[in-house]
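Just so it is clear, none of the values below were taken in a lab; they were calculated from the coordinates. What you are looking at is a predicted structure, and each value in this text was computed from that prediction instead of being measured. Glycine gets a Cβ as well: all are built from the backbone with ideal geometry, and neighbour counts include every protein chain shown.
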Amino acid sequence: MESRRVKLFILRSAFLIVLPSLIYVALTIGHKSFYDAYENGVKIGCVTDKEVAVEAFNQAKDDVNSRFGIEVDKDETLSFKKISSADSAVSTINNLKDNIIKNFNMNVSAFRLIIGDKELGYIAKKEEGKQILEKVADKYIDMSNIDRSKVFSIGVESHNQYIEEKTSVSNVLSTDEIADKIIDADKDSKNPLVKVEVKTRNKKLIDVEPSTIIDSSEDLFMGESKTDKGTSGKAEVEEEETFINGKKTNIEKLSEKVTVKPKDTVITRGIKNPISSGVAFLSRPSRGVISSNFGARWGEVHHGIDIAANVGDPIGVAMDGKIKETSYNSVYGNMIIVDHGEGIETVYGHCSKVLVKVGDKVKRGDVIGRVGNTGRSTGPHVHFELRVNGTAINPNKYIK
């Protein structure tokens, strides 16, 4: 029993000794250290890995050599100061490299770049002028989300001047910095320093709507029609889109090839005269009751039927046709005459309003006027008349 207590005491003691180490490991696993990096006492950025700053220093020396043809005879003089993560953002290796170059404090032969009438800064050599224009074009392509696989041509226009001068290496800008200055200067400018024209070509499938063919048939009465609805086809279209400084300015169709032919819609209209067949073919122009029929009335001949209704009720055209006349006279008041072809006309009298004009094409049931009490009338109604070759006939037997 005593031996067991001793063992438990030893285990507990060992655990208490190891516990702080375990806590330290747990707290430090995944934790990054942050350092402000300095070159020759001047801050160049923030890093989590000191070797990144060392690599940036070596790249800076190589960059000066490649851009200016100068060997930098300078030993690395980097120093680091540990900081909290909240002090500053971590620098990229390119940021570090650019800051180190500016800190080299040496004079170089460079070129002052002027485009149009704007001075943009120093570049290392004339050849970088072409690289800058290429970068401007690339940036516009990215800004416009242009699919590079569809780019057909890229054209760049600018008027560049290069003036060679001695200046501090810290004054020489990178090609990316100059490209960004150009894009910023040309934003919403009517006379841009650089004009970048990008053309893309794209193929896509589009619907081809069916045509409509009007046919006639003696198997159908006038006013009757039958429609065989067509179907859409497909066509492959190639388009060329033009972008100027990232903005789409034109779309041109280069070609169109039908891959699936559309089926035409065919509307068959009847030409069989319903009068001779005694077929009811007219729609009722108003839903009111017939207050006076066709024929003798008050010692005269009533050439149509009167349908009583309220002032303002709609008047529907009896069948398809074309407005022949809208006029006013003392008998019919405001009247409308519709030509239905083959010598058949319908007349609508005493309207309070006329809603159509001469030449309008109308379909059966279209509202062409409003019931009224104009002209020689004893109350609100529509006078409805059917004429064949200019002669009024009884419309009752032809109303459906």
**Q.** region 241-328: trypsin sites (Lys or Arg not before Pro) falling in loop per DSSP and having at most 12 other Cβ within 10 Å
**A.** R287
(Q) Once you keep just the Cα pairs under 8 angstrom separated by 6 or more residues, what percentage relative contact order results for the chain? (A) 10 percent
Q: Sticking with the crude label model, points 7 Å out along Cα→Cβ, report the distance from S327 to N293 in nm, one decimal please.
A: 3.1 nm
Q | Per-pair calculated FRET efficiency, R0 = 25 Å: K81 and M106 via Cβ, rounded to 0.05 | A | 0.45
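Summing Lys, Arg as +1 and Asp, Glu as -1, what charge do residues with Cβ under 15 Å from the Cβ of V356 carry, V356 excluded?
Around V356, the surrounding residues sum to +2.
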Q | Computed magnitude of the charge dipole of the chain (debye, nearest 20; Cβ of K, R +1, Cβ of D, E -1) | A | 1660 debye
Q. Given a Förster distance of 22 angstrom, what is the FRET efficiency for L254 paired with D207, based on the Cβ-Cβ distance and rounded to 0.05?
A. 0.70
(Q) Suppose only helical runs count, i.e. DSSP H with n ≥ 4. What mean residue ellipticity at 222 nm does that imply for the chain under -39500 (n - 2.57) per run, divided by all residues and rounded to the nearest 500 deg cm²/dmol? (A) -7500 deg cm²/dmol
Q | Cα centroid separation, region 297-340 to region 65-137 (Å) | A | 90 Å
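Rounded to the nearest 20 Debye, what is the dipole magnitude of region 277-398 about its Cα centre when Lys and Arg each give +1 and Asp and Glu each give -1 at the C-beta?
That gives a dipole near 200 debye.
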Q: Place +1 on the Cβ of every Lys and Arg and -1 on the Cβ of every Asp and Glu in the chain, take the dipole about the Cα centre, and give the residue among P285, V338, N160 whose Cα lies farthest towards its positive end.
A: P285
Q: Identify which of the listed values of Cα extents along the principal axes in Å was calculated from the structure shown: (1) 88, 48, 40; (2) 77, 61, 47; (3) 129, 93, 45.
A: (3)
Q: Within region 100-198, list the trypsin sites (Lys or Arg not before Pro) lying in a DSSP loop whose Cβ has at most 13 other Cβ atoms in a 10 Å radius.
A: K126, K187, K190
(Q) Can you compute the modelled spin-label distance between F152 and I214, with each label point 7 Å from Cα toward Cβ, in nm? (A) 4.0 nm
Q: Give, rounded to the nearest 20 debye, the magnitude of the charge dipole that region 73-176 has about its Cα centre when Lys and Arg contribute +1 at Cβ and Asp and Glu contribute -1 at Cβ.
A: 160 debye
Q) Cα centroids of region 229-277 and region 166-184: how far apart, whole angstrom? A) 53 Å
Q: Counting other Cβ atoms within 10 Å, keep those with at most 16, restrict to DSSP loop, and tell me which GluC sites (Glu not before Pro) in region 313-372 are left.
A: E342
(Q) Positive end of the dipole of the chain, charges at C-beta (+1 Lys, Arg; -1 Asp, Glu), about the Cα centre: which of F57, V371, M143 has its Cα farthest in that direction? (A) V371
